[in-house]
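One structure is given below, encoded as structure tokens.
The values are calculated or read from the model by the stated rules, or taken from the named source; none is laboratory data. Since the model is a prediction, treat every value here as computed from it, not as a measurement. So basically every Cβ, Gly included, is an ideal-geometry build from the backbone, and we count neighbours across all protein chains shown. When the accessible area is computed, the model is the full protein with side chains, heavy atoms only, and any ligands, DNA or RNA have been set aside. Shrake-Rupley method; radii C 1.70, N 1.55, O 1.52, S 1.80 Å.
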Amino acid sequence: MKIFQVDSFTGVPFGGNPAGVCILEKEIEERQYLNIAAEMNLSETAFVNPLTKSNTFGLRWFTPKTEVKMCGHATLATAWVQFTELGIEGEIFYETLSGRLKVRYVDGKIEMDFPSDDPVRVPIDDALESIIGVKGKATIHPQRKNFSTSYHQSLSSKRFCRTSIFLRRWTLVLKSRV
């Protein structure tokens, strides 16, 4: 097992949004996920393990207290480790609680395709109108409430949204035995 700490969304050390990335060779006991995430003490730690198909991995995210359905910055950190530290090439597919995710490394950028909920138009009431200064209707994603707060997408009705992210090298490599 290898454990990395990666700062996502930044080009400078100690900036951005840190995430733990735990590279597994096989599944570990369920309680170990939380123990490792608690030891990392970051908002999320990603756990990635190889599946039977080439470039396809299981991916799970844990806070120090619980498993979460989606975490964008920890997915970005995981892909960065796999592309730059482990030398994986081509597209990577992640099987997750929120569906299949696809990432690829293009011209020094990581492109991520995430599933998107179909947006719903809702009327803006007077209280919300006075806060945001907009009249009419807003677009919301009803399923998004369960996702990590670091997960952002455009308000699109397409099945997938693409986000390109720049990431520079800043990795702390820890080796651990569980």
Signed unit charges on C-beta, dipole axis of segment 1-120, positive-most listed residue 96, 74, 34: 34
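Sorted by packing (mean other beta-carbon atoms within 10 Å per residue), highest first, where do 71-80, 14-23, 58-67 land?
In decreasing order of mean packing, 71-80, 14-23, 58-67 become 71-80, 14-23, 58-67.
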Roughly how big is segment 28-95's charge dipole about its Cα centre, with Cβ charges of +1 (Lys, Arg) and -1 (Asp, Glu), in debye to the nearest 20? 160 debye
Return the carbon/sulfur percentage of the accessible area of segment 1-112, one whole number, probe 1.4 Å, all protein chains in place. 50 percent
In terms of solvent-accessible area of protein heavy atoms at a 1.4 angstrom probe, what is the ranking of 33, 105, highest value first? 105, 33
Whole-number accessible area per residue in Å² for segment 4-52, which is evaluated in the context of all protein chains at 1.4 Å: 51 Å²
From the Cα centre of segment 26-48 to that of segment 65-98, the distance in Å is 14 Å
